[in-house]
Structure formats: structure tokens, C-alpha cells
Amino acid sequence: MVRNANHGEVEQAMATLYDTLGVHAHATDEEIKRAYRKAAMKWHPDRNNGAEEVARATFQEIKDAYAILSDAAQRKVYDAVYAEQMRGWEAQRARQQKAQAEREAAVRAADEAAYAEMVSLAMRFADDGHNRDVLFGVLLGRRCEAQRAAQIADSVSALQAARREAEKAAAAAEAAAKAVDVPDVSAKAEATTVNDDAANRDASGKPANSGKREENASDAHPAGVLGGLWFQFLNGLRF
């Protein structure tokens, strides 16, 4: 795999004549000539004892490449044809990559859907009170891969355990809050009675309104009423 300078870091599926000589696509005539001489010396059959066949084939490729690239007209035609081939190859490669990406996306979507279904199944059995081993067995029965089944069973079991602990803690907190908010009715009633009794007594310890009750009682007595009328009568005579 090599790089095509005309298309900026695009991988090619095949070597070019420029690659055969070891130069870039914008090489000058002088650079092409120097590269040819260097490659020809390296791969000349006489300089590769024991590998003459490989050297001879490579040497011929180097000669053919130089014959085209050293001729301005042939090089121009080669560049045009090669560029057209590259555009076709790149379009084909793009289609292949798109199709591959779509296949991979479909596989991921199917896998995620299957995973979600297995998790939902495990949650349903966990909500019914079944333990981790039961969840694992149920998932295996649905042809879930063993490692994934174990992972799901462990995760769901841990989640359910945490949920139960949270519910217990919430219930305990609620009960404690209710216990604090409930007043002591009997103690409050007793305290109210004592406070009312203390408020109704004077400094001597007698009920504070005892005198008023006695006054009201005397006012209500018949003798008291007659005395009051007699006093009013005498006052009237003075005027």
C-alpha cells in the first residue's frame, strides 16, 4: 500500500510506475532519470547472484516504467489514464466502506436490542423476588451467551439489592419522622391544667377569683338587693 500525491494521503490498491522507480508523481525529468539509474543498478541481474529471476523481472519493470515516464507524451497519457482509474477505484472503495459501515451499524443495533431484551427479562424476574442464579439460568435458557448472561445477572441483582436497601432506609426515615412529630397529648393536657390552676390563684395561694365569686354571691342575695334599693332611696331624698 502506497500514497498517491495527486489525491493527498489516499491509499492505492496497486503500485504505480512512479512507485516502481521510487519517486513521487510530481518528480522532474532529472529526478526520474536519477531514480532509474539507482534502481537499475540495484536490480541488475548481474548484481543479484542467486536471485537472478526475481532481479530480471524487477529490472524489466524498472525499464518499462522509465520508458513511459521519461517520454513527456506517454507520461501525460499515463497520468490521465491512471487518474481516471483512481477515481473509479476511490468511488468503488467509498461504496464498499459505506456498505460495511451500514452492516456494522445494523449488527450493533441488533446486538443492543438483544441486550436490552435480556436486561428487561432479568429485571422482570428480579422484581418477582428471584435471586441471581435464577436470573442467570433464565438468560441461558433464552440462548444468551454465558458471559453476557452472567454480567446481566450480576448487574440486575446488585441493582435490585441496592433498591431494596434504599426502600428500607426510606421507610425507616419516614417512621422516625412520624415519631418525632407526634405530640405527647397527656403530658400537654396535664401541663395545661397545672398552668391554668396556678394562674387562677393569688399570692396567698387562694383562688384569684374567689372574692369576686363571693361578691357576686352577696350581690345576688335578697338582703343585699334591698340594701341597695334603700341606699338609692335615701340619696333621692337629699336631692
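Values in this text are rule-based calculations from the coordinates and carry no lab data. Keep in mind it's a predicted model, so treat the numbers as computed, not measured. Glycine gets a Cβ as well: all are built from the backbone with ideal geometry, and neighbour counts include every protein chain shown.
First measure r as the distance between the Cβ atoms of ALA150 and GLN97, then evaluate 1/(1 + (r/R0)^6) with R0 = 41 Å and state the FRET efficiency to the nearest 0.05.
According to the calculation, E is roughly 0.70.
Using 0.36 nm times the number of residues separating LEU159 and ARG37, minus their current alpha carbon distance, what extension gain do you get?
36.6 nm is the gain from fully extending LEU159 to ARG37.
According to a simple spin-label model (label point 7 Å from Cα along Cα-to-Cβ), what is the distance in nm between ALA72 and ASP127?
8.2 nm
Once R0 is set to 25 Å, what does the formula 1/(1 + (r/R0)^6) return for the Cβ-Cβ distance between ARG108 and VAL134, expressed as a FRET efficiency to the nearest 0.05?
0.25
Which ³J(HN,Hα) values in Hz, rounded to whole numbers, follow from the phi angles of segment 138-146 under the Karplus curve 6.51 cos²θ - 1.76 cosθ + 1.60, where θ = phi - 60° and Gly and Pro get x?
Running phi through 6.51 cos²θ - 1.76 cosθ + 1.60 with θ = phi - 60° gives 5, 5, 4, x, 8, 6, 7, 4, 4 Hz.
At GLU117 and ALA176, where each label point lies 7 Å from the Cα along Cα→Cβ, what is the point-to-point distance in nanometres?
Inter-label distance under the simple model: 4.6 nm.
Counting pairwise Cα distances across segment 3-105, what percent come out greater than 25 angstrom?
Value for segment 3-105: 34 percent of Cα pairs lie more than 25 Å apart.
Can you tell me how much longer the chain between ASP64 and GLU90 gets when fully stretched, taken as 0.36 nm per residue apart minus their C-alpha distance, in nm with one decimal?
Here the segment from ASP64 to GLU90 would lengthen by 6.8 nm.
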